[in-house]
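The values are calculated or read from the model by the stated rules, or taken from the named source; none is laboratory data. From a predicted model like this one, the values you see are computed outputs, not experimental measurements. Positions of Cβ are generated from backbone atoms using ideal geometry, with glycine treated the same way; all protein chains shown enter the neighbour counts. What goes into the accessible areas is simple: the full protein's heavy atoms, side chains included, and nothing from ligands, DNA or RNA. Shrake-Rupley method; radii C 1.70, N 1.55, O 1.52, S 1.80 Å.
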Amino acid sequence: MRKLSAEYIYTGKKILKKGIIEFDEKGKILSVIDTEGKLNEQESLEFYNGVIVPGFVNAHCHLELSHMKGMIDNLSGKGLPGFIDEIISKRNFPDDLEKQISKADKEMYRNGIVAVGDISNTDDSFSIKQKSSIYYQTFVEAFTISEEKAEETFLTAKENFEKLKMRKLSASIVPHAAYSVPDALYKMIAKFENETPKIISVHNQETASEDELINKRKGVLAEVLDNKGFIFEDFLYPGNSALQVNLNYSNKKNNILLIHNTFSKKEDIDYAENFSENMYWVFCPLSNLYIEKKLPDLPMFFNKNLKTCIGTDSYASNTELSILSEMKVITENFPDIPFERIIRSATLNGAKALKIDDKFGSIEPGKTPGINLITSFDFKKMTLKSESKVKVLL
Ligand SMILES: [Zn+2]
C-alpha cells in the first residue's frame, strides 16, 4: 500500500497538517488521515516538503490550436477583435498537427492536469484525446456568419459530436460566443441541448466591444466581423449584454461554463446567478493578458464565493498550458484571494463543472483524482511563490 504525506494536504474541502493519504495498488484513495500535525515515523510512508493537492482540472483549452504557439504575437493593442482577425487568417493545418497536439496533451499531463474541458471546431484532436491519460470533455463549438450557413454549420458540429460518441468520449455541442452565433443556429443548438441535457461552455465578455456590438451594432468587434462577412440582420442579440444573449437560449438544467468574463459587471453576475444555480465562471488570466492586456475583476467573483474555475486557453494565446502558472498570476495580481479559494477553483470546482467530481477534484476515499505536489510554497503566508513548482506524484 502506498502512503503519502506532506507538510500540508489540501483535500479540496479542508487543509490537513502532515496528514496521510493511503492508496490501493490501482491508485484509488483508501483513506485520508488527519494526524493533527503529529506524524510518527511509519514504514513505507513517503513524506514530502510541500503541499499535496488533487490533480488539476483545466476548464478551458483548445487543444487543436496547439501548433499556433507564438504565431499571433503582435496584437499592438487591438485586443480580441485583432486576435479574431489574425486567427482566421493565420490558422493553418500543418502536416505535423497531430504531433503538436500530442505534445501539448503530454505537457498538460506533466503539469499535473488530469481533466480538460476542451473546445473543438474540427476533429483534429479526437484520436489524441482517445489515447490520452487525461480525461477530456469536448465542447464541439459552432459559429457562423449568417442564417444561411446555420444548418451546414450545425450538421458539421453534429458529425463531430457523433465521432466523439463513437470513440466513447464525453461531448456536447456549444455556441462559440454571443456575437458569432446567428439566432437560427442558437435555436438548433438549444434544441439539441434540451434533448440531451449537457455541459455547455461559451466565451463570454472577453472584450469591451462585445457588449457594444450587442447593444449598438458598432465598435471594433463589429467592424472586424463586418469585414469577415457577418450578416448582422441574422443576429437578434436578445438582451442588453453578451451574457444575457448567451443565457437567452440556454437550459437552466445544464451546467453552464462562462469563459473569460473579463468585462462582466456586477449586474451580469447577478443576472447569471439568478438565472441558474449551475453557473461556472472560468478564468484564463494568462490568455487575457496575452490578448486584451487586462484581467477580469477576480476579487469581485472570488469574494462572492461563486463557482470559479481556471483554464489555460490554447497555445494561440498562451506560452504554456499550466494551471499552476495561471494560479500564480492570480496570486501575484490579487494577493488577497486566499490560496484555498484558488486551489479549489483549479480542482474541485472544475471537476463539478465537468460533472466528474465522483472521481476527480478532491482527495477523498474512493476517488482517483491524481495527486500533485507543490514545492517552494510560502508556508508563512500560505500562498504560492513565483518559484513554486508542481510535481505529479500519482
Ligand atoms: Zn477559448
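The residue of the stretch 366-394 that is surrounded by the fewest Cβ atoms within 10 Å (Cβ to Cβ), among those that are over 22 Å from the mean Cα position of the chain (by Cα) and basic (Lys, Arg), is LYS380.
Of the residues making up the stretch 331-347, those that are under 13 Å from the mean Cα position of the chain (by Cα) and open to solvent by 10 Å² or more (accessible area, probe 1.4 Å) number 0. Exactly one residue out of ILE33, ILE72, ILE113 is more than 19 Å from the chain's Cα centre (by Cα) and closer than 30 Å to TYR10 by Cβ, and it is ILE33.
The test for being surrounded by fewer than 22 Cβ atoms within 10 Å (Cβ to Cβ), assigned to a helix (DSSP H, G or I) and within 16 Å of the ligand (Cβ to nearest atom) does not hold for TYR271.
When the stretch 83-122 is filtered for residues that are assigned to a loop (DSSP other than H, G, I, E, B), within 28 Å of ASP357 (Cβ to Cβ) and among the β-branched types (Val, Ile, Thr), nothing remains.
Might you let me know whether the stretch 311-319 holds any residue that is in contact (Cβ under 8 Å) with a residue 60 or more places away in the chain, among the acidic types (Asp, Glu) and within 16 Å of the ligand (Cβ to nearest atom)?
yes
Among the residues of the stretch 56-97, the one identified as at pLDDT 95 or above and among the aromatic types (Phe, Trp, Tyr) is PHE56.
I need the full set of residues from the stretch 169-201 which are of a type in the set (Phe, Trp, Tyr) and buried (at least 22 other Cβ atoms within 10 Å of the Cβ), in order please. Passing the criteria: TYR179, TYR186.
Sub-7 Å Cβ pairs linking a first residue in the stretch 328-340 that is without any contact (Cβ under 8 Å) to a residue 40 or more places away in the chain and more than 20 Å from LYS14 (Cβ to Cβ) to a second residue that is among the aliphatic types (A, V, I, L, M) and assigned to a helix (DSSP H, G or I), at least 6 apart or interchain, are PHE334/LEU298, ordered by first then second residue.
Listed here are the residues, each with its yes/no results for (1) under 22 Å from ILE269 (Cα atoms); (2) buried (at least 24 other Cβ atoms within 10 Å of the Cβ); (3) among the small types (Gly, Ala, Ser); (4) within 16 Å of the ligand (Cβ to nearest atom).
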position: PRO296; (1), (2), (3), (4): yes, no, no, yes
position: PRO299; (1), (2), (3), (4): yes, no, no, no
position: LEU321; (1), (2), (3), (4): no, yes, no, yes
position: VAL329; (1), (2), (3), (4): no, no, no, no
position: GLY350; (1), (2), (3), (4): yes, yes, yes, yes
position: GLY361; (1), (2), (3), (4): no, yes, yes, no
position: GLU364; (1), (2), (3), (4): no, no, no, no
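Scanning the stretch 114-126 turns up at least one residue that is polar (S, T, N, Q) and open to solvent by less than 10 Å² (accessible area, probe 1.4 Å).
Just one of the listed residues (ILE291, ILE259) is under 16 Å from the mean Cα position of the chain (by Cα) and either within 13 Å of the ligand (Cβ to nearest atom) or open to solvent by 40 Å² or more (accessible area, probe 1.4 Å) (or both), namely ILE259. Filter the stretch 202-245 down to the residues that are open to solvent by less than 40 Å² (accessible area, probe 1.4 Å) and among the charged types (D, E, K, R) and list them by number. Answer for the stretch 202-245, where residues must be open to solvent by less than 40 Å² (accessible area, probe 1.4 Å) and among the charged types (D, E, K, R): GLU206, GLU210, ASP211, ASP234. Confirm whether THR144 is open to solvent by less than 50 Å² (accessible area, probe 1.4 Å), in a loop (DSSP other than H, G, I, E, B) and modelled with pLDDT of 95 or more. Yes: the conditions hold for THR144.
Checked against the criteria, GLU64 does not count as over 29 Å from the mean Cα position of the chain (by Cα), of a type in the set (Asp, Glu) and not in a strand (DSSP E or B).
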